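Beneath this line is the structure, given in structure tokens, with notes to follow.
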Amino acid sequence: MAAIEFVALVPIMLLVAVMVFQVGLAAWAMTSADKAARSAARAASMGRNPYAAAQASLPGNLQATAVTPLGSPGGHAYRVTVRIPKVTPLDLGSVHREAVMPEVGP
């Protein structure tokens, strides 16, 4: 009887494990987008290409779907959008993170 109960619980346990992994991927995408936004703002404050800096700071196969400059007096602000990777049919969409860096003077 215990074997039947175990067999019935295995698919549920696997589903929970996959969903936890999906949430972990969402958190990873969020922290990566935060780092990419800081890199974009830092690059812009130093006169470099913010789009290239944002993309270069993203790990693995994450891609910045948008790198948007935001108005910021006395500095450089950027919003980076990253699509959350999927391992389930559930689409969690994208995450957006913003960062501001002060203007670097000569």
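Among the residues of the range 51-72, is there at least one that is at pLDDT below 90, of a type in the set (Ser, Thr, Tyr) and closer than 21 Å to residue 27 by Cβ?
yes
Any idea which of 43, 27, 3 is more than 26 Å from residue 93 (Cα to Cα), at pLDDT 85 or above and among the aliphatic types (A, V, I, L, M)? Let's see the steps before the verdict.
Values: 27 fails: more than 26 Å from residue 93 (Cα to Cα); 3 fails: at pLDDT 85 or above.
Exactly one residue qualifies, and that residue is 43.
May I ask you to say which residue of 80, 100 is touching a strand residue (DSSP E or B) at 6+ places or on another chain (Cβ under 8 Å), modelled with pLDDT of 90 or more and of a type in the set (A, V, I, L, M)? If you could, list the steps in order and put the result at the bottom.
On the way: 100 fails: modelled with pLDDT of 90 or more.
Sole residue among the options that is touching a strand residue (DSSP E or B) at 6+ places or on another chain (Cβ under 8 Å), modelled with pLDDT of 90 or more and of a type in the set (A, V, I, L, M): 80.
When the range 86-97 is examined, which residues are found to be modelled with pLDDT of 80 or more and among the hydroxyl-bearing types (Ser, Thr, Tyr)?
94
Are there strands (runs of 3 or more DSSP E) fully within the range 5-106 with at least 1 residues that are surrounded by 11 or more Cβ atoms within 10 Å (Cβ to Cβ) and charged (D, E, K, R)? List them.
Fully inside the range 5-106 and qualifying: 75-83, 94-102.
The values are calculated or read from the model by the stated rules, or taken from the named source; none is laboratory data. All figures in this text were calculated on a predicted structure; none of them were measured in a lab. As a convention, Cβ positions derive from the backbone with ideal geometry for all residues, glycine included, and neighbour counts pool all protein chains shown.
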